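The values are calculated or read from the model by the stated rules, or taken from the named source; none is laboratory data. All of these numbers come straight from a predicted model, not from anything done at the bench. We place every Cβ from the backbone using ideal geometry, glycine too, and count neighbours over all the protein chains shown. In case anyone asks, the SASA skips ligands and DNA or RNA and just uses the protein heavy atoms, side chains included. Shrake-Rupley method; radii C 1.70, N 1.55, O 1.52, S 1.80 Å.
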Amino acid sequence: MVLPAMLLVLATLAGLSLPGYLILRGLRIPPVVALSAAPAILAGVLAALSVILPGSLTTGRDWATTAWIAAGVLSVVGVLLWLLTPRLAPDRREPSRLFIGIALGAAALACIITAHQVLEGMGALDVPLQRRDSVFHYNAIAGIFNGWGSANPLELQGWMLGSAGTSSFYPSTFHAVAATIPVAHGVVAGNLLAVVCCLVWVIGLTGLARVAFPSFPGAWAAAPLLSLVAISFPSIPLFRQGQWPFGLSLALTPGLLALLMFSARTRSIPGLLAFCVGLAGSVGAHPSGFAVFALVALGAAMLEIGERALAAVRREDRAEARMPLPLAIVLAFGAAGAYVVLDRSETILRMGTFARPQTPAPELVESLLTFSHVSVNEPFGIAPAIGMIPLLIAGTALMVIYRPSRPLFVAASMLLVTLLLTPTNLRVAHVTGALWYGDPERILGVLTLFTLLAAALGVGWLAERIAPRVRGDRDTVRMGVSLLIVALALSITWIDRSQVRSGIIVAGNYHPSETSPHFVGGPAWTADDSRFWESAAELVGTDGVMTDSASGGVFLPAMVNVRAVPAITTLDSLPGPGREAAWGLRDTQPLGETACLFLEDNTIRWVYLEKATNTRFAGSHFRSDLMAPHGELVVKDGPRELWRIDDCRN
């Protein structure tokens with residue numbers, strides 16, 4: 001089962017990457033950089049289309065057709081640009097086919113291993129992630145896929161809650177991209193894109209190492225391979241927490257950062273414009289996508305101001321400027337001004353207040369340094385990646401010494417401070433952590449980008465020191481030594497990390513028949529539920545079905561294309577009339593006019609109920625004795641019941 005699924009994953013990756021790659025190559029961006037940033041270009045275009053197109057073109061099959069047409073147009077434009085624009089200048093070309101070939105080979109190997117680990121743990125692409133967040137994402141994809149709602153980020157939540165036409169922002173790029181994948185239903189599409197995000201991340205790390213460390217080619221091949229031991233990203237957000245919009249945004253980040261650094265270094269205006277398109281895709285997936293780029297730019301500005309001041313005091317000539325001094329000053333004062341404004345926003349302060357128990361700062365640092373993961377909410381044992389620690393220490397020191405990488409070090413330092421502030425109740429912690437909802441697990445995921453880069457730099461530096469002492473072609477020896485160092489570093493904890501990534505994280509949360517031992521809320525979908533709804537779906541037709549969070553019913557629209565309202569795990573999110581209808585159906589009294597209007601407006605004519613077990617919502621499910629005055633029991637299969645509502649004017 002893994003091989004067909006892997007082929008589908010690779011085909012999806014190719015479809016997501018090809019249009020952007022052709023555009024970037026047409027703009028004469030080097031191949032590795034173009035490959036790493038390519039998915040963000042299509043994501044950016046789809047994010048823009050989901051907002052500007054009329055609703056009839058952002059729903060259902062029309063949306064998928066529109067997206068594929070947009071991808072085709074991008075591809076054609078890319079080919080034309082390639083034919084009409086001059087070739088790359090010699091100083092912009094790749095330095096060595098050997099270096100690039102080995103780096104891309106390492107990335108391909110890391111992609112295959114990562115995809116195999118995830119797919120083996122998942123079991124099959126139609127097995128749902130038993131997580132509360134994933135319920136929302138599966139159903140949002142299914143709603144767009146089936147034409148029940150729009151991909152517009154201002155409309156997404158409205159139609160999922162039974163209040164179509166209301167406006168509130170929810171990032172929808174992940175759902176918009178997933179809904180273009182030609183598969184059976186929303187669960188397969190969501191799982192596919194989650195796996196593809198892992199591969200986008202690996203390829204992006206390769207491109208970023210190439211741009212950030214041009215003098216250390218060993219780091220180019222090391223970066224994707226070292227990602228195989230990481231836990232905090234992509235494993236935790238994508239396959240334990242179901243934070244898919246955040247996961248897509250962060251997966252796009254290394255490739256986009258490579259494009260930004262290359263374009264800024266070579267003063268490529270087309271490259272910077274392409275970066276802006278990709279940034280729209282990253283931010284459209286999740287607003288935190290802006291943070292890493294802002295921190296790197298701020299780090300570069302602070303270094304520019306500091307280096308200029310130091311050179312003036314010492315009366316020394318300095319190296320080439322990172323950026324114009326006026327721009328550096330604007331960025332520094334802009335950041336200070338933004339903090340003052342955000343500090344006065346109650347919305348921002350609420351976003352930065354993390355509601356769950358906090359992991360103490362020492363344990364967060366331990367997770368960071370050992371490439372493991374510690375959470376007081378859902379602890380499980382992970383052996384520290386001992387082989388990675390000396391590489392991380394050496395690479396971090398080199399980031400400070402090596403001038404081109406200093407902005408990355410400053411950005412990582414600011415993120416580390418943000419992470420260490422999360423266990424506190426300080427106001428500054430709420431402001432700086434707002435983009436990640438004060439969640440230390442998300443910030444750890446972002447920091448994984450920098451720790452992997454530092455470890456890769458450590459590998460590249462060691463290879464440069466050892467290679468001159470080994471006989472043979474120098475370039476071949478450099479890359480061979482790098483791969484040997486990586487193999488030694490990975491081998492120490494390889495078995496444990498593979499088991500954690502595939503067995504504990506993925507298999508522990510993807511399963512069709514039981515509640516996860518780490519479950520934090522929502523239902524567990526069973527194989528019996530699937531069979532029940534395959535037979536009952538014809539009865540329901542295009543009508544809406546009211547479900548609740550205590551049963552597997554909230555997976556219905558994503559798995560069998562039945563429209564459920566609400567399509568998330570809590571009835572508390574319904575608008576006022578919807579809550580009245582939901583609680584009225586749990587009472588023996590006749591339904592009121594407001595409740596009936598809500599049911600009629602959303603064509604809700606059915607209620608699905610199943611006695612809840614093993615979830616924290618067990619006391620809030622619909623019950624047969626309370627449903628009886630309002631409708632008729634149409635289908636019963638063990639604990640699963642489908643009722644038709646006839647209380648509202650039949």
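Work out, step by step, the length gained on full extension between E600 and T588: first 0.36 nm times the residue separation, then minus their alpha carbon distance; give nm to one decimal. Intermediate values should be presented prior to the final figure.
Numbers: separation 12, 0.36 × 12 = 4.32 nm, distance 1.98 nm.
Separation in residues times 0.36 nm, less the Cα-Cα distance, equals 2.3 nm.
Please work out the ratio of the alpha-carbon Rg of the range 127-263 to 2.2 N^0.38 Å and round it to two decimals. If you can, show how the numbers build up before the last one.
On the way: Rg = 17.0 Å, N = 137, 2.2 N^0.38 = 14.3 Å.
Its radius of gyration relative to the 2.2 N^0.38 Å reference: 1.19.
If each of T542 and T166 carries a label point 7 Å out from its Cα toward its Cβ, how far apart are those two points in nm?
2.5
Per-residue counts of other Cβ atoms within 10 Å, averaged by peptide: what ranking do you get for 13-20, 440-447, highest first? Intermediate values should be presented prior to the final figure.
On the way: 13-20: 21.6, 440-447: 26.1.
Put in order of decreasing packing, that is 440-447, 13-20.
Just check the range 294-427 against the gyration tensor rule for me: Cα atoms, a ≥ b ≥ c as the square roots of the eigenvalues, rounded for a/c under 1.5, and otherwise prolate or oblate depending on whether a/b exceeds b/c.
Values: a/c = 3.59, a/b = 1.35, b/c = 2.67.
In terms of gyration-tensor shape, oblate.
For a Förster distance of 35 Å, can you work out the FRET efficiency between the beta-carbons of V417 and I386, rounded to the nearest 0.05?
Details: r = 26 Å, r/R0 = 0.75.
Computed FRET efficiency for V417 and I386 comes out at 0.85.
Once you order the gyration tensor axes a ≥ b ≥ c over the Cα atoms, which shape class does the range 358-445 get: rounded for a/c under 1.5, otherwise prolate or oblate by comparing a/b with b/c?
Working: a/c = 2.77, a/b = 1.19, b/c = 2.33.
Verdict is oblate for the range 358-445.
Hey, rough spin-label estimate for R427 and R623, points 7 angstrom out along Cα→Cβ, what's it come to in nanometres?
Between R427 and R623, the label points sit 4.9 nm apart.
Please report the carbon-and-sulfur percent of the accessible area for the chain; probe 1.4 Å, protein heavy atoms only, DNA, RNA and ligands left out. Write out the running numbers ahead of the final one.
Details: 16260 of 25260 Å².
Carbon and sulfur together cover 64 percent of it.
State the antiparallel share, in %, of DSSP beta bridges confined to the chain, rounding to the nearest 5.
On the way: 12 of 17 bridges.
Taking every DSSP beta bridge with both residues in the chain, the antiparallel ones total about 70 percent.
Farthest toward the dipole's positive end in the chain, which of S168, T418, N602, given Cβ charges of +1 (Lys, Arg) and -1 (Asp, Glu) about the Cα centre?
It is T418, whose Cα lies furthest towards the positive end.
Using per-residue counts of other Cβ atoms within 10 Å, averaged over each peptide, order 639-648, 302-311 from highest down. It would help to have the intermediate numbers written out before the result.
On the way: 639-648: 19.0, 302-311: 15.5.
Ranking, from highest mean packing down: 639-648, 302-311.
Among all cysteines in the chain, which have no other cysteine Cβ under 4.7 Å from their own Cβ?
C111, C197, C198, C276
How much accessible area per residue does the range 124-170 have, counting only protein heavy atoms and a probe of 1.4 Å, in square angstrom? Write out the running numbers ahead of the final one.
Values: 1400 Å² over 47 residues.
With the other protein chains kept in place, the range 124-170 gives 30 Å² per residue.
Compute the distance in nm between two label points, each set 7 Å from the Cα along the Cα-to-Cβ direction, one at W68 and one at R471.
5.9
Quick one: which residues, 5+ away or cross-chain, put their amide H under 5 Å from the amide H of V635? H built at 1.01 Å from N.
Residues meeting the amide H criterion: L642.
Using only the alpha carbon atoms of the range 63-212, find the Kirkwood hydrodynamic radius as the inverse mean reciprocal pair distance, in angstroms to one decimal.
On the way: mean 1/r = 0.0548 Å⁻¹.
When all Cα pairs of the range 63-212 are included, the Kirkwood radius is 18.2 Å.
By average Cβ neighbour count within 10 Å, what is the ranking of 38-47, 489-498 from highest down?
38-47, 489-498
Tell me, what ³J(HN,Hα) does each residue in the range 284-293 have, in order and in whole Hz, if you take phi through Karplus 6.51 cos²θ - 1.76 cosθ + 1.60 with θ = phi - 60° and put x for Gly and Pro?
Along the range 284-293, the couplings run x, 6, 6, x, 5, x, 6, 5, 4, 5 Hz.
May I ask for the Kirkwood hydrodynamic radius of the range 410-492, worked out over all distinct Cα pairs and given in angstroms to one decimal? Mind showing how you got there, number by number?
On the way: mean 1/r = 0.0661 Å⁻¹.
Answer for the range 410-492: a Kirkwood hydrodynamic radius of 15.1 Å.
After finding the eigenvalues of the alpha carbon gyration tensor for the chain, what semi-axes result from the square roots of 5 times each, listed largest first in whole Å? Kindly include the intermediate steps, with their values, before the conclusion.
Values: eigenvalues 416, 126, 122 Å².
Result for the chain: semi-axes of 46, 25, 25 Å.
In bins 10 Å wide, starting from 0, what share of all Cα pairs of the range 196-294 does each bin hold, as a percent?
Bins of 10 Å from zero give 17, 46, 31, 6, 0 percent of pairs.
Taking each pair of distinct Cα atoms in the range 267-314 once, what is the resulting Kirkwood hydrodynamic radius in Å?
Details: mean 1/r = 0.0794 Å⁻¹.
By the Kirkwood definition, the hydrodynamic radius is 12.6 Å.
What shape does the range 376-518 have by the C-alpha gyration tensor, where a ≥ b ≥ c are the square roots of the eigenvalues, rounded means a/c under 1.5, and otherwise prolate means a/b greater than b/c and oblate the rest? It would help to have the intermediate numbers written out before the result.
Values: a/c = 3.27, a/b = 1.35, b/c = 2.42.
Since a/c reaches 1.5 but b/c is at least a/b, the shape of the range 376-518 is classed as oblate.
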